[in-house]
Structures are given as structure tokens and as C-alpha cells.
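This report refers to the structure that appears directly beneath it.
The values are calculated or read from the model by the stated rules, or taken from the named source; none is laboratory data. The model shown is predicted, which means the values in this text are computed figures rather than measured ones. Using ideal geometry, Cβ is built from the backbone for each residue, glycine included, and neighbour counts are taken over all protein chains shown.
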Amino acid sequence: MKIRVYYEDTDVGGVVFYANYLKFCERARSEAFFERGLSPVMQNGHFVVKELTASYNSSAKLGDILHVKTSLVELKKVSFKLHQEVYRDEEKLFEMDITLAFVDFNGKIKKLEPQNIEVLNLLFV
């Protein structure tokens, strides 16, 4: 997914604020669903962040066009792990591993149903 860096994403020096890389990755995960006419909020629940580790390599700046790449690393009974990278051209600026758990609408961890697993395998090849 491509993202343009806007003024609202940066500090006074025109450098992207560190937390916005997490937002860019979140946007890319959501967009993977939306592009296929789906929603990250499913009939039987939704995903919440369980854990993440992030590494910042270089800074994006105002006006940059960034590309977020997402790949499925691991799929378990109630959660899945993704690896996401943010690039400017060929330069990797940021990467993270994120584990998302599936919960029902009361916030209780729930086992992924076969149709959920099928969707995740389709989205994050």
C-alpha cells in the first residue's frame, strides 16, 4: 500500500513522528481488507494487538511516498503474526512484527473460525 506523508504526520522539522509508522502499518492492514470488499471487523469479532516489536532505520519526510509491505509469518488458533516493512523507494525505513489476537465483541479471546483463517491467508500472502 502506498502512503504519502502529509504535514500532519510530521514534526516541525518535517520528519515523520515515530508513532505514525504504527498508524501507516495499521492503515495497510485495514486497506488489505477494504480492497477486497471486506472489513477487519468480522461478524463474530475483530482483531486486537497483543504484541509488537519495532525497528526504526531511517526517517521519512514531508511529501515522501511510502510503501508498506505486509506478510503473514504465523497463524495460530486465536492469533496471527505479521511482518510489516515501510519503504521509501528501495530504502527500508521501518519494520515491525505484530501479533494480533481475535476477540469477540465482549473482548474475550476467541478461536479463529475456518472462514477467518481463509480470509487471513488470502489477504496476507
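Quick one: S71 ticks every box in (1) modelled with pLDDT of 95 or more; (2) touching a helix residue (DSSP H, G or I) at 6+ places or on another chain (Cβ under 9 Å); (3) over 26 Å from Y7 (Cβ atoms) except a single one, so which number is it?
Against the list (1) modelled with pLDDT of 95 or more; (2) touching a helix residue (DSSP H, G or I) at 6+ places or on another chain (Cβ under 9 Å); (3) over 26 Å from Y7 (Cβ atoms), S71 comes up short only on (2).
Limited to segment 94-113, what total is found for residues that are in contact (Cβ under 8 Å) with a residue 60 or more places away in the chain and either of a type in the set (D, E, K, R) or in contact with a Leu (Cβ under 6 Å, 6 or more places away or on another chain) (or both)?
So the count comes out to 5.
Can you report the number of residues in segment 39-61 which are modelled with pLDDT of 95 or more, among the aliphatic types (A, V, I, L, M) and either closer than 12 Å to Q84 by Cα or surrounded by fewer than 16 Cβ atoms within 10 Å (Cβ to Cβ) (or both)?
Here the count works out to 4.
Could you tell me which residue of segment 62-100 is surrounded by the fewest Cβ atoms within 10 Å (Cβ to Cβ), considering only residues that are aliphatic (A, V, I, L, M) and under 20 Å from V16 (Cβ atoms)? Break it down into steps so the answer makes sense when it comes.
In the first step, residues of segment 62-100 are kept if they are aliphatic (A, V, I, L, M); the result is 62, 65-66, 68, 72-73, 75, 78, 82, 86, 93, 96, 98, 100.
From what's left, under 20 Å from V16 (Cβ atoms): 62, 65-66, 68, 86, 93, 96, 98.
Numbers: L62: 16, I65: 12, L66: 21, V68: 21, V86: 26, L93: 20, M96: 17, I98: 22.
Step by step, filter segment 62-100, then rank; the result is I65.
Among the numbered criteria (1) modelled with pLDDT of 95 or more; (2) within 23 Å of T99 (Cα to Cα); (3) of a type in the set (K, R); (4) loosely packed, with under 12 Cβ neighbours inside 10 Å, which single criterion is violated by R4?
With respect to (1) modelled with pLDDT of 95 or more; (2) within 23 Å of T99 (Cα to Cα); (3) of a type in the set (K, R); (4) loosely packed, with under 12 Cβ neighbours inside 10 Å, R4 is out only on (2).
Can you tell me which residue within segment 10-38, out of those that are of a type in the set (D, E, K, R) and in contact (Cβ under 8 Å) with a residue 24 or more places away in the chain, is surrounded by the most Cβ atoms within 10 Å (Cβ to Cβ)?
We begin by selecting, within segment 10-38, every residue of a type in the set (D, E, K, R); these are 11, 23, 26-27, 29, 31, 35-36.
Still in the running and in contact (Cβ under 8 Å) with a residue 24 or more places away in the chain: 27, 29, 31, 36.
Values: R27: 15, R29: 19, E31: 17, R36: 11.
By that ranking, first place goes to R29.
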